[in-house]
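Student: Quick one: the structure is below, and I'll ask about it shortly.
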């Protein structure tokens, strides 16, 4: 049975987005600190940067990073995560990930913009759809071939799926820093742990990996 | 050199207080869930409940609980934590902890109410003072005999000491639950981790113990 999975990098105070981006530093310093341990993994280097040298960490952070992609049959992204907010009305924009994105499955991008589907190298096809979380999930499940559906982000999109009770497996990689600004993942999600088994492990990087596994639906 | 220490029970979303108290349930269900692992420790049972049967957990949760009291020469509490908000203008009120409170050192209670000092059994004396965090800390340090000063709570008092940069050792025992309401410990404390070594360990209860240890002042 298809499970709906989420992985997010957050700070100890729950911040899943950062607000210190500038034209000269389009990701910002905070984003680098929030994702530092993930970006350092061998999986990220191979899968996202196409670095096949074998460089990168291979401990617990990497085990979680590798799992992000295992058994996923379709992905759902918000418009902002795909880059439509940063690149409005640009028909040439094809996402942040180059010609061969790391997804390698159908990706549904939630947007009110009408755009033709984009078939990329490596098995990724971006479909642009106007849909509620439930509708997007039905579409993604249908093409996932029995695999799981990953809600890849951004934080606001993930929160809409969490609030709707649609997520079976939530993994947060908590960087032990206090950002004090940005979207708080946990806001208005009282009782999220209900029906879940919760496990926590700590990586050598200091990253605190917490998983919520829904045991009944 | 005296260090200023804090230990708090918080939820995964940072909540350090709960708001579901009722006349019939003066602590509330959430408080029980937030402090469940601490209350189950042998240290809590011995030191707070005077249960000398040896009952209680003795693993990592208990190691942290035992450390709460080790090397402490004086304590600082907010008025609410002592119970002055729940028992206003009651000269008979002597705190929540019975005749022999667990502190066993001088305790400075921050309040605008003028009250005579209360000498309790076992070495605890409550002093009621109107003071800023810095002033209270100076008073506590002076009587601590070279021991550390613990800021025992509540959350708002702890936050005022954290915001003033006065805390050297912060330990949070994070219950893996999302409360969604109550005081958020982390609000407006961006960069709290600066100059700190941060370590995380997970107890068998699922409690996530994070310590911030300031390495230079």
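Derivation of every value follows stated rules applied to the coordinates shown; laboratory data play no part. The shown structure was predicted, so the numbers you read here are calculated from the model rather than taken from an experiment. Heads up, the Cβs are rebuilt from the backbone with ideal geometry, glycines too, and the neighbour counts pull from every protein chain shown.
Student: Shielding by partners for B:166-174, please: the mean number of other protein chain Cβ atoms within 10 Å of each residue's Cβ.
Tutor: If you average over the peptide's residues, the count of other-chain Cβ atoms is 1.
Student: Using the 10 angstrom Cβ neighbour count as an exposure proxy, how do B:1, B:81 rank, fewest first?
Tutor: So the residues, fewest neighbours to most, are B:1, B:81.
Student: Once the cut-off is 42 Å, how many percent of the Cα-Cα pairs in the protein assembly as shown end up in the long-distance tail?
Tutor: Result for the distance tail: 24 percent.
Student: Could you pull the copy-to-copy label distances for residue A:164, with points set 7 Å along Cα to Cβ, in nm to one decimal and sorted shortest first?
Tutor: 4.9
Student: Highest first, please rank the peptides A:130-140, A:191-201 by the mean number of other Cβ atoms sitting within 10 Å of their residues.
Tutor: A:130-140, A:191-201
Student: Could I ask something else about it? Quick one: order B:162, A:49 by neighbouring beta-carbon count within 10 Å, fewest to most.
Tutor: A:49, B:162
Student: Just to be sure I understand: with springs between alpha-carbon atoms less than 10 Å apart, which residue in B:158, B:109, B:202 has the highest mean-square fluctuation in the Gaussian network model of chain B?
Tutor: B:202
Student: Neighbour counts of other C-beta atoms within 10 Å: give me B:92, B:142 arranged from fewest to most.
Tutor: Going from sparsest to densest Cβ surroundings: B:92, B:142.
Student: What is the Å³ per residue value for the convex hull set by the Cα atoms of segment B:93-217?
Tutor: 154
Student: For segment B:38-62, list residues with backbone N below 13 Å from a point placed 7 Å from the Cα of residue B:100 toward its Cβ?
Tutor: B:46-53
Student: For n ≥ 4 DSSP H runs only, could you compute -39500 (n - 2.57) per run for chain A, divide by its residues and tell me the 222 nm figure to the nearest 500?
Tutor: Helix contribution divided over all residues of chain A: -6000 deg cm²/dmol.
Student: How high is the relative contact order of chain B, in percent, counting Cα pairs under 8 Å that sit 6 or more residues apart?
Tutor: 30 percent.
Student: Taking every pair of Cα atoms in segment B:1-125, average 1/r, invert it to obtain the Kirkwood radius, and report Rg/Rh to two decimals.
Tutor: Using only Cα positions, Rg/Rh for segment B:1-125 is 0.95.
Student: For segment A:169-217, just say rounded, prolate or oblate: build the C-alpha gyration tensor, square-root its eigenvalues into a ≥ b ≥ c, call rounded for a/c under 1.5, and beyond that prolate if a/b exceeds b/c, oblate if not.
Tutor: oblate
Student: Additional query: In Å and on Cα atoms, what radius of gyration and Dmax does segment B:103-145 show?
Tutor: 10.2, 28
Student: Please work out the Kirkwood hydrodynamic radius for segment A:4-214, using every pair of different C-alpha atoms, and report it in angstroms with one decimal place.
Tutor: By the Kirkwood definition, the hydrodynamic radius is 17.7 Å.
Student: Just counting partner chain Cβ atoms within 10 Å, what average do the residues of peptide B:179-188 show around their Cβ?
Tutor: 4
Student: Next up: Under 10 Å, Cα contacts only: if you run a Gaussian network model on chain B, which one of B:107, B:19, B:167 comes out with the highest mean-square fluctuation?
Tutor: B:19
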